[in-house]
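Structure first, then comments.
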Amino acid sequence: MYTQAMDTMGKTDAAEPKKPVRSAEDVAREARFEARIDAGDFIEAKDWMPEHYRRTLVRQISQHAHSEIVGMLPEGNWITRAPTLKRKAILLAKVQDEGGHGLYLYAAAETLGVSRDQMLEALHTGKAKYSSIFNYPTLTWADVGVIGWLVDGAAIMNQVPLCRCSYAPYARAMVRVCREESFHQRQGFESLLTLMQQGTDAQRAMVQDAVDRWWWPSLMMFGPPDADSPNSEQSMRWGIKRISNDALRQKFVDATADQAKVLGVTLPDPDLKWNDARQSYDFGAIDWDEFWRVVNGDGPCNRERLAERVKAWEEGAWVRDAALAYANRQALKEAA
Amino acid sequence: MSDTQKTEGSARAPTEARGEWPLWEVFVRSKAGLDHKHCGSLHASDAAMAIQMARDVYTRRQEGTSIWVVRSEQIVASDPAEKDAYFDPMADKVYRHPTFYALPKSVDHM
Amino acid sequence: MPAASIDVARDPHVQYLLRVGDTCLIQAQRLAEWCGHAPVLEEDIALTNIALDLVGQARAVLSRAGRLEGERGGVPHDEDELAFLRDERDFLNLTLTELPRGDFAVTVLRNAALATFFKLLWQRLESSSDPDVAGIAAKAVKEARYHQRHAADWVLRLGGGTDESRQRLQAAVDHLWPYTPELFDADDVDDAAASSGLGPRWAELEAGWRAEIEPLLDEAGVKRPPPRAFRSTGKRGVHSEHMGYILAEMQTLQRSYPGGVW
């Protein structure tokens with residue numbers, strides 16, 4: 001769902017080994033592999049694949065999974081304070097879906113030779129990233145609707161092309177995710193529409209304030225500009241990435257600028273303007289310093305989000321251990 | 001029960017020493033008359049839990065669905081992929097997973 | 001100016017339904033606190049699923065209760081007015097549900113106690129003289145069975161797991177057990193419901209409840225504390241100190257945005 005800049009996270013991956021000397025056999029295998037990709041073939045779990053392809057996918061898929069899990073926190077915050085029972089139910093369903101999506105993605109990553117615990121270890125120690133959009137705080141109820149509209153909207157744009165990713169277990173997981181995702185964006189938009197069209201002035205102000213805080217971070221979800229994304233090219237050649245960051249970002253702006261008009265909110269970009277020649281919206285400059293600051297750990301909520309995940313994991317250790325101990329005991333009983 | 005293992009080349013972190021819940025593959029038949037379809041996997045400590053979780057995650061508790069769960073390491077697979085010259089211990093597994101083989105402790109540091 | 005509280009009908013039939021709906025709602029509220037914090041992702045999904053079922057049950061029962069107020073000559077209310085604009089004294093959930101979330105042992109034990117109770121109650125409510133209630137019960141009983149299976153399996157895992165898990169389970173029993181007699185206390189609300197056929201006296205469910213819960217706890221290897229005279233009184237609107245905090249959190253938006261539409 002939140003694959004922003006995942007392919008550039010290699011910036012912080014200091015342990016990346018140098019390309020090993022390849023045998024003639026490897027060169028031949030790689031050529032056959034690339035031919036399969038070019039032919040639009042799907043790669044399955046046991047197929048030969050270049051180590052770099054495997055490693056890139058492990059990183060991308062697991063970070064995508066981590067994003068879903070961490071993403072449960074800013075929205076989960078509001079379940080107990082949801083303003084109606086219907087909204088409480090919708091939010092519970094949405095957050096539950098996100099957990100489920102994380103699970104599908106961890107399952108897909110595990111087919112590549114990494115275990116769930118290893119992936120969680122990487123997350124908890126800060127080695128693996130998650131989409132930095134979730135390092136922003138949800139301060140009002142309107143934030144929940146805006147996340148549905150903008151953040152899930154951006155995620156859908158990223159995810160639909162991934163349904164054709166060359167690595168089949170990931171593609172299949174994405175098909176499942178996309179089927180369930182449209183409900184998320186619709187419920188967010190519908191919530192905002194209700195607030196704007198039927199709500200009080202105070203409620204409308206709440207929505208505008210939320211939009212003002214989430215707009216730019218949503219644009220950053222598509223990752224750095226194409227010119228600054230050196231790994232994108234390789235990912236594109238391997239069918240892991242289908243559409244460029246900038247192209248997706250433009251698509252998103254075009255769609256949401258019109259949706260904003262329907263809602264009656266202003267997007268906080270004075271340079272946002274329809275360009276007739278391009279048949280697209282021009283928009284203002286993104287603060288990439290903020291993006292890198294937040295990605296690298298200095299956003300408003302980075303520490304808290306990770307701390308909550310680590311706490312849940314550590315405090316849950318006795319539960320996981322108990323379940324295993326019980327299962328072992330039962331197995332011994334049955335074997336006796 | 002197998003301990004978690006490293007994949008080749010990655011460092012073993014201290015928290016991996018605790019047992020991980022085993023991995024199960026999930027197959028769902030959504031409607032009578034259809035085949036069971038593979039949906040994905042999940043971690044559960046026992047079969048009862050695996051079934052319940054599979055219902056929660058992969059069927060959203062739709063009535064009338066049939067669920068099979070199988071320990072991933074117990075599935076015997078044959079893939080028409082390229083046959084490699086060297087011995088591949090994972091040849092008959094569904095995919096390479098660090099926990100699919102329990103090695104004797106003396107060599108269990110890979 | 002914050003939104004004013006509503007007055008709720010004192011009619012015992014309405015109160016009977018509020019006991020059911022409020023218990024589901026407050027239990028859901030506590031379960032929702034696990035979202036993103038469960039010991040393992042699969043359990044996060046499971047607990048959230050249970051909470052979702054309970055919210056659904058609460059909505060259905062509260063809606064029916066609110067309509068019944070009107071049918072009985074009072075002012076009708078909808079599910080949200082009842083959930084968000086009632087004062088604490090008019091909530092009739094069991095005190096058991098408002099106790100803090102606790103650790104995973106407290107949660108699964110509470111779930112086991114309540115799900116077993118609700119399974120028995122919904123089974124009886126399937127033959128309620130009120131067709132709406134009977135319809136709600138037909139769906140809810142399936143959910144309660146599922147909740148009970150999930151909770152009972154976990155009680156056994158924790159009881160038969162490690163020393164730590166059994167100790168925590170024992171601590172959970174010691175902590176929660178004194179709040180269970182309230183489930184079966186009898187009063188005129190029950191009498192009215194039994195007379196009209198709306199639903200059974202909750203006291204009638206005690207034998208069935210004990211027949212399921214006690215062997216479960218025995219098998220899990222935990223002891224029940226000796227009976228005490230203490231009785232919690234949430235069913236009658238007199239709650240523990242925890243209820244005020246729950247309602248403050250749950251009702252905050254509706255109270256601070258009077259006339260708001262969500």
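Bear in mind that the values in this text are calculations on the coordinates, not laboratory data. Small disclaimer: the values here were computed from a predicted structure and weren't measured. Neighbour counts run over all protein chains shown; Cβ positions are idealised from the backbone, glycine included.
Some points to look at:
- Cα long-axis angle, helix C:104-125 against chain C (0 to 90 degrees, to the nearest 10): 50
- The rule of thumb for compact globular proteins, 2.2 N^0.38 Å, goes into the C-alpha radius of gyration of the stretch C:75-171 1.34 times.
- Radius 12 Å from Cβ of C:Asp153, net charge of other residues (Lys, Arg +1; Asp, Glu -1): -1
- Chain C: most fluctuating residue of C:His175, C:His150, C:His239 per GNM, C-alpha cutoff 10 Å: C:His175
- CD proxy at 222 nm, helix term only [per DSSP H run n ≥ 4: -39500 (n - 2.57); per residue of chain C; nearest 500]: -21500 deg cm²/dmol
- With both residues required to sit in the protein assembly as shown, DSSP beta bridges show an antiparallel share near 90%.
- Distance violations [Cα-Cα > 22 Å] among A:Lys129/A:Lys241; A:Lys251/A:Lys273; A:Lys86/C:Lys139; A:Lys86/A:Lys251; A:Lys86/A:Lys311: A:Lys86/A:Lys251; A:Lys86/A:Lys311
- Choice from A:Phe33, A:Phe222, A:Phe291 showing the highest fluctuation, given a GNM over chain A with Cα pairs closer than 10 Å: A:Phe33
- Peptide C:50-60 shows a mean partner chain C-beta count of 4 within 10 Å per residue C-beta.
- R0 of 35 Å, Cβ-Cβ distance B:Ala32-C:Arg89: FRET efficiency to nearest 0.05: 0.10
- Per-residue mean of foreign Cβ neighbours for B:93-100 is 5 (Cβ atoms of other chains, 10 Å radius).
- Sequence-separation-based contact order of the stretch A:181-289, relative, with Cα cut under 8 Å and 6+ spacing, percent: 25
- Under 18 Å from a label point set 7 Å out along the Cα-to-Cβ vector of A:Arg179, the amide N atoms of the stretch A:145-162 belong to A:156, A:159-162.
- Using a cutoff of 8 angstrom between alpha carbon atoms and counting only pairs six or more residues apart, the relative contact order for chain C works out to 26 percent.
- Over the Cα atoms of the protein assembly as shown, the radius of gyration divided by the Kirkwood radius equals 0.99; this is the Rg/Rh ratio.
- Cα gyration tensor of the stretch C:12-256 - equivalent ellipsoid semi-axes, whole Å, descending: 28, 20, 17
- Global geometry of the stretch A:196-311, whether rounded, prolate or oblate, following the gyration tensor of its Cα atoms and the 1.5 cut on a/c: oblate
- Along its principal axes, chain A has C-alpha extents of 65, 60, 34 angstrom, given from the largest down.
- For the listed peptides C:33-45, A:198-210, A:173-185, a ranking on the average number of other beta carbons within 10 Å per residue, highest first, reads C:33-45, A:173-185, A:198-210.
- Shielding score for B:46-59, defined as the mean number of other chain Cβ atoms within 10 Å: 6
- Cα shape, the stretch C:153-262, gyration tensor, a/c 1.5 rule: oblate
- Environment charge of A:Pro161, counting only residues whose C-beta is closer than 11 Å and scoring Lys/Arg +1, Asp/Glu -1: +4
- Modelled spin-label separation between A:Trp216 and C:Asp78, with each label point placed 7 Å from Cα along the Cα-to-Cβ direction: 3.9 nm.
- Using a simple spin-label model with pseudo-atoms 7 Å out from Cα toward Cβ, A:Val262 and A:Lys127 lie 4.5 nm apart.
- Rounded to whole Hz, the Karplus (6.51, -1.76, 1.60) HN-Hα couplings of the stretch C:31-46, x for glycine and proline: 5, 4, 5, 7, 4, x, 10, 6, x, 8, 3, 4, 6, 4, 5, 4
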